[in-house]
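The values are calculated or read from the model by the stated rules, or taken from the named source; none is laboratory data. Because the structure is a prediction, the values reported are computed rather than measured. Glycine gets a Cβ as well: all are built from the backbone with ideal geometry, and neighbour counts include every protein chain shown. Just so you know, the surface numbers come from the protein's heavy atoms only, side chains and all, with ligands and any DNA or RNA stripped out. Shrake-Rupley method; radii C 1.70, N 1.55, O 1.52, S 1.80 Å.
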Amino acid sequence: MSEVNSSAGASDVLVSFRGVQKSYDGEVLIVKDLNLDIRKGEFLTLLGPSGSGKTTSLMMLAGFETPTAGEILLAGRSINNVPPHKRDIGMVFQNYALFPHMTVAENLAFPLSVRGLSKTDVSERVKRVLDMVQLGKFAARYPAQLSGGQQQRVALARALVFEPQLVLMDEPLGALDKQLREHMQMEIKHLHQRLGVTVVYVTHDQGEALTMSDRVAVFHQGEIQQIAPPRTLYEEPRNTFVANFIGENNRLSGRLITQDGDRCVVGLERGEKIQALAVNVGKPGSPVTLSIRPERVFLNGHSEQCSNRFSGRVAEFIYLGDHVRVRLEVCGKSDFFVKQPIAELDPALAVGDVVPLGWQVEHARALDPLLVD
Ligand SMILES: Nc1ncnc2c1ncn2[C@@H]1O[C@H](COP(=O)(O)OP(=O)(O)OP(=O)(O)O)[C@@H](O)[C@H]1O
Ligand SMILES: [Mg+2]
């Protein structure tokens, strides 16, 4: 279900994957048929579970792996036969170690000397890039004398120092603790905004992908399931895999009863009928998964205007500081979650209460049946 984004004009496109396939053993396709246009200046993230082919795709773009079939274009030119160091691509990897015997400044000078820049140019650029990542004072230190976050910033600086048009990052923050990771996410994002460089970023952390990216390509089993801006991906998942992978959702299994344009009615096993958006459904009678986000479900009086209205028995409260997750039994499902901002939670609500609840048609998405649950 991969797609070319046809809305981007040819001149806006920096990288194109065209029918790219990759097999390591000549049998199994790790990347199945990748068609992807990456726009100039874009922050594009490849997001997906472990083994879905993200690193493989990035390595083919970097030139460290060769496609089994298809073509990769950089600025309109096929790079299938261009070696990695001639691709003008900066790279940051989780374990892309700095040279331990070189100072920070020497580490940064290295990619420039290799490219034959003069000494003055080298020291000028090193200074500039050090200031950019706020490490001006650390030029003479060795990597071992820096914290993990500082080392990662040097690695980032090293990828940017020769001013490439494209920077690839593969889980660059994976080794950092949560707080530092979130800080670095903002730093990389702001750096991207300031420099206007094109970034292709790989992560399996959905929060990271949603926070940082202009667009996210969701990978699964070597195929792009959906490519869209973060908000669209979250609000309008196109299939059950994406709905499950990005954020939380309540899933109800049923069968399609009728479809009328983009609306449909789905019957649950116990007989309840639910009005939903027909996003990805087959013929009447075929199995359907309904996806309903926990924050789109209203409780008690708030549910009065909803076209889908049922009742639920409160089973558990889970406090998360700024909001509460309420677990309920709804439509025969014992783990139906409703997310309530703390300020909106009825303090009288207690475990065992049976309450009305509901959601609007547009917040119930009828999707393909989930094969493995
Ligand atoms: N050099 C290789 N030789 C053989 N198989 C490989 C090689 N590199 C990767 N694979 C296989 O290809 C599949 C995809 O791997 P890839 O590294 O692209 O996944 P990924 O999406 O980056 O996963 P992760 O999130 O774990 O890094 C995996 O099943 C992996 O075992
Ligand atoms: Mg990987």
Magnitude of the Cβ-charge dipole (Lys and Arg +1, Asp and Glu -1) of the range 310-373 about the Cα centre, nearest 20 debye, reported as 60
What is the angle, in °, between the Cα long axis of helix 178-195 and the longest principal axis of the Cα atoms in the chain? Nearest 10 is fine, range 0 to 90. 60
Run the numbers for His85 and His183: contour at 0.36 nm per residue of separation, minus the present Cα-Cα distance, in nm. 32.2 nm
Positive end of the dipole of the chain, charges at C-beta (+1 Lys, Arg; -1 Asp, Glu), about the Cα centre: which of Asn80, Tyr201, Pro100 has its Cα farthest in that direction? Pro100
Long-range share for the range 1-146, i.e. C-alpha pairs more than 27 Å apart as a percent of all pairs, stands at 38
With a Förster distance of 30 angstrom and the Cβ-Cβ distance between Val114 and Lys137, calculated FRET efficiency to the nearest 0.05 equals 0.70
How much accessible area per residue does the range 204-326 have, counting only protein heavy atoms and a probe of 1.4 Å, in square angstrom? 46
Rounded, prolate or oblate: pick one for the range 10-240, where a ≥ b ≥ c are the square roots of the eigenvalues of its C-alpha gyration tensor, a/c under 1.5 means rounded, and failing that, prolate if a/b is larger than b/c, else oblate. prolate
Dipole size in debye (nearest 20) for the range 186-235 around its Cα centre, Lys and Arg Cβ +1, Asp and Glu Cβ -1? 180
Give the lysines whose C-alpha is closer than 22 Å to that of Lys189, dropping any in the same chain fewer than 8 places away, or say none. Lys40, Lys54, Lys127, Lys178
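Grab the DSSP H runs of the chain that are 4 residues or longer, score each as -39,500 (n - 2.57), total them, divide by all residues and round the 222 nm result to the nearest 500 deg cm²/dmol.
Helix contribution divided over all residues of the chain: -6500 deg cm²/dmol.
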Specify the inter-centroid distance of the range 56-127 and the range 179-209, based on alpha-carbon positions, in whole Å. 19
Suppose each label sits 7 Å from its Cα in the direction of the beta carbon; what would the Arg270-Lys339 distance come out to in nanometres? 2.5
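Where does each of Met186, Met91 land when they are ordered by accessible area, with a 1.4 Å probe and the largest first?
I get Met186, Met91, largest accessible area first.
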Cα-based shape type of the range 177-222, given that a ≥ b ≥ c are square roots of the gyration tensor eigenvalues and the cut on a/c is 1.5: oblate
Sites Asp25 and Asp205 - FRET efficiency at Förster radius 30 Å, r taken between beta-carbons, to 0.05: 0.55
Round to the nearest 0.05 the FRET efficiency obtained for Arg231 and Gln94 when R0 = 41 Å and r is the Cβ-Cβ distance. 0.90
What spacing in nm lies between the two simple spin-label points modelled at Lys40 and Ser123, each 7 Å away from Cα in the Cβ direction? 3.5
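Note the full-extension length gain between Ser50 and Arg313 as 0.36 nm times their separation in residues minus their Cα-Cα distance, in nm to one decimal.
Result: 91.0 nm gained on full extension.
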Among the lysines, select those whose C-alpha is under 30 Å from the C-alpha of Lys283, and discard any that sit fewer than 8 residues away in the same chain. Lys32, Lys273, Lys333
State in Å² the accessible area per residue of the range 15-147; use a 1.4 Å probe, count heavy atoms of protein chains only, and round to the nearest integer. 51
Out of the total accessible area of the range 173-306 (probe 1.4 Å, heavy atoms of protein only), what percent is carbon and sulfur? 47
Magnitude of the charge dipole, the chain, Cβ model with Lys/Arg +1 and Asp/Glu -1, debye to 20: 740
Could you work out how far helix 148-160 tilts from the main Cα principal axis of the chain, as a 0 to 90 degree angle to the nearest 10? 70
For the chain, give me the percentage of DSSP beta bridges that are antiparallel, rounded to the nearest 5 percent. 75
Which trypsin sites (Lys or Arg not before Pro) from the range 134-181 combine a DSSP loop assignment with at most 16 other Cβ atoms within 10 Å? Arg141
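Hey, got a sec? Which GluC sites (Glu not before Pro) in the range 259-365 land in a DSSP loop and have at most 13 other Cβ atoms within 10 Å? If you can, show how the numbers build up before the last one.
Values: sites: Glu269, Glu272, Glu295, Glu304, Glu316, Glu329, Glu344, Glu362; in loops: Glu269, Glu272, Glu304.
Qualifying residues, ordered by number: Glu269, Glu304.
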Label-point separation, Asp262 to Ser286 (7 Å along Cα→Cβ), nm: 2.0
Okay, which of the range 179-210 sit inside 20 Å, backbone N to the point 7 Å along the Cα-Cβ direction of Glu295? 182-183, 186, 205-210
